[in-house]
Amino acid sequence: MVKRRKKTNWEPVSFSHPVFRPYTTALGQIALAWNNFHSQMALLFCTVMGGGYANQFLAIWHALKNDAAQRDILEAAAKEARENREYESELGKKLIEEIHWINVRSREIADLRDDALHSPLWGEGGIRNRVLPVTGLGHVRAQKLMDAESKRGLLTEFRWCRDAALVLTDYVRDIDDVLSGRVRKPWPQRPALPNRGQTKSGQRTPRVRQAKRLPPPRSSRG
């Protein structure tokens, strides 16, 4: 008679196990928030390129398969628009400065997003009831997540990534509204990104702001 292997207390559980639920929710929210951020960047690119019938501009944007390259062409378009005097001197200078700031901040968010979405995770039920990155295979991004777990916790990192993407999305939308003339208001104030929130030691640091609910994307026609 074949004896069944006894399950050890450290054996990983299925990804459908309840221990994974807050993590899978957070990971899904990261992906959605980041995708919405880049959709808003695409709309800003259309505005910087001149607006109007935007399908041609969107075709250029989506022809680039790398998010970083898309952000780079937005910054390049803003610099060229100022050179061609499409925007007055002060407005053009401010536009270039803020798009550059957004790109720098988004690189930090993108790096954590890639760590979160491309790292293998394992879960353990029972008494420990935890989820951790799989670092034994030499995965560089998983090791970075393990370092973050020891300092602040995975869920804190994941939620910061989501919230930071939402803050940038709001700012990009506000800039687009001013440039396109849809809203008559002064240039929006540069936001502060949310902090890491709850630390592993239990010391709580306040959030800078709460992310607003995302509206449906606007049509590219108009």
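Given the residues L117, L121, L74, L95, which is the only one that is buried (at least 17 other Cβ atoms within 10 Å of the Cβ) and either polar (S, T, N, Q) or within 30 Å of L154 (Cα to Cα) (or both)? On inspection, the qualifying residue turns out to be L121. Of the numbered criteria (1) of a type in the set (A, V, I, L, M); (2) over 20 Å from S180 (Cα atoms); (3) modelled with pLDDT of 90 or more, the one L95 fails is (2). Can you pull out every residue in region 13-52 that is outside any helix (DSSP H, G or I) and surrounded by 15 or more Cβ atoms within 10 Å (Cβ to Cβ)? Result: V13, M49, G51.
The helices (runs of 4 or more DSSP H) found wholly in region 53-136 and carrying at least 2 residues that are in contact (Cβ under 8 Å) with a residue 60 or more places away in the chain and among the β-branched types (V, I, T) occupy 89-118.
The values are calculated or read from the model by the stated rules, or taken from the named source; none is laboratory data. In this text, all values refer to a predicted model and were calculated from it rather than measured experimentally. Don't worry about glycine lacking a Cβ; one is built from the backbone with ideal geometry, like all the others, and counts go over all protein chains shown.
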